[in-house]
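Everything below concerns the one structure shown next.
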Amino acid sequence: MRVMPSAVRAAGRMTRRDFVALAGSAAARGVPARAQQPDVPVIGYLGSESPARAASRLVAFRKGLADGGRTEGRNVAIEFRWADGQYRQLPALAKELVNRRVAVIVAPGGAEVALAAKSATTTVPVVFEMGGDPIALGVVGSLSQPGGNLTGVSSLSVEVSRKRLEFIRELLPTAGEFAIAANPTSPTVESQLRNLRAAAESLGVRLHVLEASAEAEFDAVFKAVPQMRAGGLVFTSDPYFAYRSRRLAELAVLHGVPAVTQSRDFPLAGGLMSYGGDFEQSHRQAGIYASRILKGEKPSDLPVQQVTKVELFINLHAANALGIALPSSLMSSADTVIE
């Protein structure tokens, strides 16, 4: 009578061991266990620069993902590819993401990135973010009905390049000449220079175009401004310049050059002034669109979003150091005055 309970317990232990063994065997064969987590979708992020340079943009992008119900490490993964400023590498990096079979490619930071992603795939959904006109650049055929596998966000940074010249002329009304810093490799450089020359003619000023497509050329650009007796320096809209705002600010202070760029990062780092699209809003919207595509929406059904907010930042300390008196009209127009 006393043997039976012991036998039952032994049988129970064998049953549990058998179950564990069977479960392990199933896992080894690839049979999904009941508690296994579902597959997490992967976003391919195509970056033209490096994580450090894109840090503020990544914060905004992740906010957009969160707005759409996606949190990295919980219900979405992000696989990054960085070109570290070598834009010729972008097409190959985009192809790597396609080969990784990511669910969607995010291509922020300008036309170069969007065009690289477009050349790499006609099937993987792509969300771009740029400051130029995606129709003129051949990225999409229509803003309201983009068609194909691309959609995204466009700001007004490229279109307002001429306004930067108008602002710096307002600051320096007696200057008859200004320098323009332009990246000759940019897909939008010619259209921006046309707009700037038209603005210069209406203002009655002369322009000197200084080319720079590498960081090593920046110092020569700033040195040339006083040599040609230009009143100030206007940067065209270009992601290569925007991502190097801190270095540009350092050189502007070093050489005592009044300068205006597209990115708020420039005056925040000590430069005089910036005027351009709100990159936080555009990158956040890119995150929202990526989330919507992961939920099953098609890029062809998502109209290209246009960020219409353009922000003017002025660094009052930089103006004082340069001996520039800021007109009240410009101060009242500024979104932010850094004191």
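How far is the Cα center of the stretch 98-135 from the Cα center of the stretch 50-81, in Å? So the two Cα centres are separated by 16 Å.
Distances between every pair of Cα atoms in the stretch 127-168, grouped in 5 Å steps from 0 to the bin holding the largest one, split as 6, 22, 29, 16, 11, 8, 5, 2, 0 percent.
For the peptides 151-162, 249-260, 202-213, the ranking by packing is 151-162, 249-260, 202-213, with the highest mean count of neighbouring Cβ atoms within 10 Å listed first. The fewest-to-most ranking of 243, 289 by surrounding Cβ atoms within 10 Å reads 243, 289.
Two decimals is fine: what's Rg over Rh for the chain, C-alpha atoms, Kirkwood radius as Rh? Working shown, then result.
Values: Rg = 26.7 Å, Rh = 22.2 Å.
Radius of gyration over Kirkwood radius for the chain works out to 1.20.
Helix 111-120 axis versus longest C-alpha principal axis of the chain: approximately 40°, rounded to the nearest ten. Largest first and in whole Å, the equivalent-ellipsoid semi-axes of the stretch 197-322 read 33, 16, 14, each the square root of five times a Cα gyration tensor eigenvalue. The angle separating the long axis of helix 279-294 from the principal Cα axis of greatest extent in the chain is about 30 degrees. Largest first and in whole Å, the equivalent-ellipsoid semi-axes of the stretch 272-339 read 38, 11, 7, each the square root of five times a Cα gyration tensor eigenvalue.
Using only the alpha-carbon atoms, how far is helix 3-28 inclined from the longest principal axis of the chain? Give it as 0 to 90 degrees, nearest 10. The helix 3-28 is inclined about 40 degrees to the chain. Net charge of the neighbourhood of residue 321, taken over other residues with C-beta under 15 Å away and scored Lys/Arg +1, Asp/Glu -1, is -2. Note on residue 118: lysines with a C-alpha under 18 Å away, same-chain residues under 8 apart excluded, are 95, 298. If eta is 1.306 mPa s and T is 10 °C, what Stokes-Einstein diffusion coefficient results for the stretch 124-215, Kirkwood Rh from Cα pairs, in µm²/s? D, rounded to a whole number, is 106 µm²/s. Summing Lys and Arg as +1 and Asp and Glu as -1 over all other residues whose Cβ lies under 9 Å from the Cβ of residue 195 gives a net charge of +2. Shape annotation for the stretch 166-207: C-alpha extents along the principal axes are 33, 16, 15 Å, from largest to smallest.
In summary, the convex hull built on the alpha carbon positions of the stretch 27-172 has an orientation-averaged projected area of 12.3 nm². Sorting the segments 264-271, 119-126, 82-89 by their residues' average number of neighbouring beta-carbon atoms within 10 angstrom, most packed first, yields 264-271, 119-126, 82-89.
The numbers here are math on the coordinates, done by the rules we state, and not lab data. In this text the structure is predicted, and so the values were computed from the model without any measurement. For neighbour counting, all protein chains shown are included, and Cβ atoms are generated from backbone atoms with ideal geometry for every residue, glycine included.
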